[in-house]
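Report on one structure; see the data block that follows.
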Amino acid sequence: MLITNLQSSFKFAHLALLTLLLSACGSDITQTSPLIDETELPKEVGIAQDGALKQHLESIRQAYNVPAITAMTVKDGLVYEIASTGYRDIQSLEPVSDNDRWAIGSVAKSMTALLAARLVEQGLITFDTTVIDIFPELKGQIRPEHETITLQHLLSMTSGLKKDIDVKDQQWYDNTKPLTELRYELTKEVLNTAAVKTRSEFWYSNVGYVIAGHMLERVSNQTWEWLIGAEVFGQLGITNYGFGEPSFESAKQPKGHIYENGHWHGVTEEKKLAPKVYGPAGTVNISLPELAVYFSSVLEGMQGGDNIVSKESYKMLLSPYSKIQDSHSEYAMGWFVKSDKTAFGHDGFTGAFSVSSLLYPSQNNAYFAAVNGDTDNATKALSQALEVLMKRNSIE
């Protein structure tokens, strides 16, 4: 049950959810399977900043039986509205707060891509740098066809590499080696495994992001965790963040939950989550006000501006590289993109947290919601929370 949970939870961004959201903003995407069942949005959801957001979130929380839910709208560089309701821990019933840190899963992939752009601008690497350029000692030890995989391939999900490591292999949890060594071992293992997709085609790969992150570690002689802290968060003035399960770092943070045997259970060990070696693929936890700072910087880049990287780098990061089959969506570096570039988004699932984000550059708006649980109901709750946010901001 545990392994099944992790395999299904640390999954690629939920395309059905993104499809629903893009449809809500006027896309002609066909929604193949609705996420919201019998529970429907109330006819009146009010307007942003009317003080009623928490009430709407509590209704969603109860309807979908999730421990806690939080949501915010970012507008013109500021937190426009935010609310949180429910419990950090379903056992202690301690309430969540708006400043709590939430594990954001694959929403952090764009952070790894932004970090890569920082190091490219510093001359440490290029987007065309290949894995064999960075790891020449692996010549002859990995599959020859993988030697020419570039940093861009890895960040744009066009490497053709498999999606995940075997989570049944406990070495990724029990090993006491430094994370950089574990990521090197993962890199060797994955690059010696057959491709599952033709290169240049979209194929979601968490391990591809781990390898990309490890390339950045090698050229900088620093850990990915240090790099994200110094080169991304530090440059943006972000301080309220961490890595992995927030409650493992402080009891005063939300605890991730797993639903088993008809009940929610707070996680108590890392083996129920994505392993730390997955860092570059999405182990960041962060408060919503700090995440708003990050989203605001990205929105500026989406609008042709620059901040911690140049507008040319943002153009590289935000340009689609592969079309997603049977949709009007594409993938850039760490972002799903509506084909007309009017909307960008990403979801994240850690095994015990579920989150979703959506950014509209033309409106300078970002929307984000998170649940400290990972089930189909959690995904449905996210979908409805984001719909509420958008309707409250007159996004139909």
Query - Extreme residue, nearest to ALA83 (Cα to Cα), among residues of the range 267-292 that are more than 16 Å from the chain's Cα centre (by Cα) and either modelled with pLDDT under 95 or buried (at least 18 other Cβ atoms within 10 Å of the Cβ) (or both) - result: VAL267
**Report entry** Members of the range 102-149 that are of a type in the set (Gly, Ala, Ser), surrounded by fewer than 17 Cβ atoms within 10 Å (Cβ to Cβ) and part of a helix (DSSP H, G or I)
**Finding:** none
Query - Sole exception among (1) over 24 Å from THR223 (Cα atoms); (2) assigned to a strand (DSSP E or B) for ASP306, by number - result: (2)
Query - Subset of the range 72-101 that is surrounded by fewer than 23 Cβ atoms within 10 Å (Cβ to Cβ) and polar (S, T, N, Q) - its residue that is nearest to ALA230 (Cα to Cα) - result: ASN99
Report summary line: Going through (1) modelled with pLDDT of 95 or more; (2) surrounded by fewer than 14 Cβ atoms within 10 Å (Cβ to Cβ) one by one, GLU44 fails only at (1)
Requested in this report: Report, by residue number, each residue of the range 155-166 that is of a type in the set (A, V, I, L, M, F, W, C) and under 15 Å from GLU330 (Cα atoms).
Outcome: LEU155, MET157
Query raised in the report: Does GLY282 satisfy being touching a strand residue (DSSP E or B) at 6+ places or on another chain (Cβ under 6 Å), touching a residue at least 40 places away in the same chain (Cβ under 8 Å) and within 30 Å of ILE132 (Cβ to Cβ)?
Result: yes
Report summary line: Residue hits (the range 169-210; surrounded by 12 or more Cβ atoms within 10 Å (Cβ to Cβ), outside any helix (DSSP H, G or I) and hydroxyl-bearing (Ser, Thr, Tyr)) are THR193, SER200, TYR204, SER205
Report summary line: In the range 244-263, anything assigned to a strand (DSSP E or B) and buried (at least 21 other Cβ atoms within 10 Å of the Cβ) is listed as HIS257, ILE258
Report summary line: Restricting attention to the range 153-203, the residues that are within 12 Å of LYS276 (Cβ to Cβ), of a type in the set (Val, Ile, Thr) and in contact with a helix residue (DSSP H, G or I) (Cβ under 9 Å, 6 or more places away or on another chain) number exactly 1
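Let's see how each residue does on (1) at pLDDT below 95; (2) in contact with a strand residue (DSSP E or B) (Cβ under 7 Å, 6 or more places away or on another chain):
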position	(1), (2)
TYR331	no, yes
PHE336	no, yes
ASP340	yes, no
HIS346	no, yes
VAL355	no, yes
THR379	no, yes
LEU386	no, yes
LYS391	no, no
Report summary line: Scanning the range 145-159 for residues that are among the aliphatic types (A, V, I, L, M) and either without any contact (Cβ under 8 Å) to a residue 60 or more places away in the chain or at negative phi (or both) gives ILE149, LEU151, LEU154, LEU155
Query raised in the report: Would you pick out the residues in the range 215-248 that are among the polar types (S, T, N, Q) and either within 24 Å of GLY373 (Cα to Cα) or in contact with a strand residue (DSSP E or B) (Cβ under 9 Å, 6 or more places away or on another chain) (or both)?
Result: ASN240, SER247
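The values are calculated or read from the model by the stated rules, or taken from the named source; none is laboratory data. All values derive from a computational prediction rather than experimental measurement. Every residue, glycine among them, receives a Cβ derived from its backbone with ideal geometry; neighbour counts consider all protein chains shown.
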